[in-house]
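One structure below.
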Amino acid sequence: MRKTLLLLTLSTSFALLSCERDDFDINDPRLNYTGTWDVKETEGDFAPQSYTVTIDLGELANNLIIRGLYAQGPNFTTTALVSGRSLDIPVQTRTGLTLSGSGTANQNYTEISLQFSVNDGSSTDNVKAELKKR
C-alpha cells in the first residue's frame, strides 16, 4: 500500500512539474487586434495615403504595440491601451513626433476607425484613418 501511494505521489508530482506554464491567455481580448492591418488615411496632411501596420501584444495586460503608424515604417512603435472595442493612444513621443488619439473597432474586430494627432514640433496633423485587418 505504501509503495503504491509513494508511486502515485511521485507520478503526480512529475506530471505537474513537466507541464509548461502558458503566459498566453486565449481569452485575452487584445488578441482580437493582433495581426497585419491595411491603413487608409482619409483626413490629414498626407491624405489620402495607404500603408500597412502590424499590431502586437504589449508587455502590460491592457496594451498593444502598433508598428508603422503614420507611414513611419515598422521600427516606429506606438503604444495603445485597450478597453473592449476602444483603443486609446496616450500622449507619447517617438523619434521627434508626439502622438495621441483614440479609436473604435467594429463588432467582429475586422475594422478600426482611428483618429490621432501628430505634432512634429512645428505643426499638428489631425489624422482620420480606417484600418482593415488582413
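Bear in mind that the values in this text are calculations on the coordinates, not laboratory data. Given the structure is predicted, the values throughout are model-derived calculations rather than measurements. Cβ coordinates were reconstructed from backbone atoms using ideal geometry, including for glycine residues, and neighbour counts include every protein chain displayed.
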Check: Spin-label point model (7 Å from Cα, Cβ direction): what's the Thr98 to Lys132 distance in nm?
Finding: 3.5
Item checked: Cα gyration tensor shape for region 24-119, rounded if a/c is under 1.5, else prolate or oblate -> prolate
Next item on the list: Enumerate by residue number the chymotrypsin sites (Phe, Trp or Tyr not before Pro) in region 25-134 meeting two conditions: DSSP loop (anything except H, G, I, E, B), and at most 13 other Cβ atoms within 10 Å of the site's Cβ.
Entry: Phe46
